[in-house]
């Protein structure tokens, strides 16, 4: 089984490299009008994250995923995230310039090994050392600092972990609307419960199971026979419902996504007003960060679970006398990042209009601290 796992990893690395390499041929962005970049991305491929993603009857319950460990970035993930850095370098080379310097970039990660490593890999691809920056001829790399909050303090990327949010989430699970919604899937939940040993009663239960099954399959393990009627479509469809649960109310959305949007607008306004400071902000997060932003912005179509290494780019441009935002989404379903159109705005959405569309989701009086 171990040989089979590493054989699968070899081929997954090969195909992943081909997938990510395709984006390197994309045309460069319109650097002439570009003012600022905000990029938020999902970490790379990882192993199963026990115990919440595993189940009592899991045939691979005791798998250690040597040499990586549980919930850790794999070699395929490293290839993918490094390639994102290279893709961003190609697309924004003229805008960023060849050299790294501290005033140019600000990087943030959640407090997980896989997101921290993913950010480091994006940095490595985005800022390869130039001749003047080389410090070791055998290692074409240089260290770049980044920031993170402890999980309990991270409102920007992990707002859903703050106690006030969790209270609202628990309230939502008990609501008549939610109970009516999940009642439609009682038979499926019972089937999953009987075969896993779990007590499946919510979309979150299925969501966690999805990641356990998907990472086991990626590792090269054959999934149990009981999964065949449900895998992957039914499990994926039910898992996606968790994104809607997580942002069920405006108040929940303010804590789940609003702090990120608030920082994005604040940093954008600083750039517009001072014409100085950073040129790019990078955020290394999770698939729910991407999905819930797409959902909040009204561009979560078709419904899906964002791929490893998927990313949203908020490009701030000055066209004529107007500042505005262009949003690109890369989920590896086409020929490169796709220019998105918000339902009530143009693809170049003027800043004032963009703010008016999202201001109801901006946190007021720091709700996570109440």
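Test of understanding: in a Gaussian network model of the chain with alpha carbons linked when under 10 Å, which of 314, 66, 127 would top the mean-square fluctuation ranking? It is 66.
Starting with the fewest neighbours, write out 301, 106, 350 ranked by other beta-carbon atoms found within 10 Å of each beta-carbon.
Values: 301 9, 106 18, 350 15.
Going from sparsest to densest Cβ surroundings: 301, 350, 106.
Going 7 Å from the Cα of residue 366 along its beta-carbon direction, which residues of the range 244-266 have the amide nitrogen within less than 11 Å of the resulting point? Taking a point 7 Å out along Cα→Cβ of residue 366, no residue of the range 244-266 has its backbone N under 11 Å.
Can you sort 338, 174, 86 from fewest to most other Cβ atoms within 10 Å of each residue's own Cβ?
On the way: 338 14, 174 8, 86 18.
Result, fewest neighbours first: 174, 338, 86.
Using a simple spin-label model with pseudo-atoms 7 Å out from Cα toward Cβ, residue 275 and residue 167 lie 4.7 nm apart.
Nearest-5 percent of antiparallel DSSP beta bridges in the chain? If you can, show how the numbers build up before the last one.
Values: 22 of 35 bridges.
That works out to approximately 65 percent antiparallel.
Multiply the residue separation of residue 226 and residue 152 by 0.36 nm, subtract the distance between their alpha-carbon atoms, and state the gained length in nm to one decimal. Could the numbers behind the result be given before it?
Working: separation 74, 0.36 × 74 = 26.64 nm, distance 3.72 nm.
Extending this stretch completely gives an extra 22.9 nm.
Compute the whole-percent fraction of alpha carbon pairs in the chain spaced more than 34 Å apart. Please list the in-between numbers first.
On the way: 19499 of 68265 pairs.
Tail of P(r) above 34 Å: 29 percent of Cα pairs.
Bin width 10 Å, origin at 0, all Cα-Cα pairs of the range 192-321: what percent of pairs per bin? With a bin width of 10 Å, the distribution comes to 10, 34, 28, 17, 8, 3, 0. Note on the range 163-247: Rg/Rh from Cα positions, Kirkwood definition for Rh, rounded to two decimals, is 1.00. Springs join every pair of Cα atoms under 10 Å in this Gaussian network model of the chain, and among 172, 346, 225 the largest mean-square fluctuation is at 225. Where the centre of each part is set by its Cα atoms, how far does the range 23-101 sit from the range 303-357, in angstrom? Centre-to-centre distance over Cα atoms comes out at 19 Å. For residue 346 and residue 32, the FRET efficiency from 1/(1 + (r/R0)^6), where r spans their Cβ atoms and R0 equals 25 Å, is about 0.85.
Listing 154, 30, 170 from the residue with the fewest other Cβ atoms within 10 Å to the one with the most, what is the order? Working shown, then result.
Working: 154 21, 30 13, 170 9.
Final ranking by Cβ density, sparse to dense: 170, 30, 154.
Pick from 202, 227, 74 the residue whose mean-square fluctuation is largest in a GNM of the chain, springs joining Cα atoms under 10 Å. Ranking 202, 227, 74 by mean-square fluctuation puts 227 first. Kirkwood hydrodynamic radius computed over the range 68-137 comes to 13.1 Å, based on all pairs of distinct alpha carbons.
Distance from the Cα centre of the range 160-188 to that of the range 198-274, in angstrom? So the separation of the two Cα centres works out to 14 Å.
The numbers here are math on the coordinates, done by the rules we state, and not lab data. Quantities reported herein were computed from a predicted structural model and do not represent experimental measurements. Using ideal geometry, Cβ is built from the backbone for each residue, glycine included, and neighbour counts are taken over all protein chains shown.
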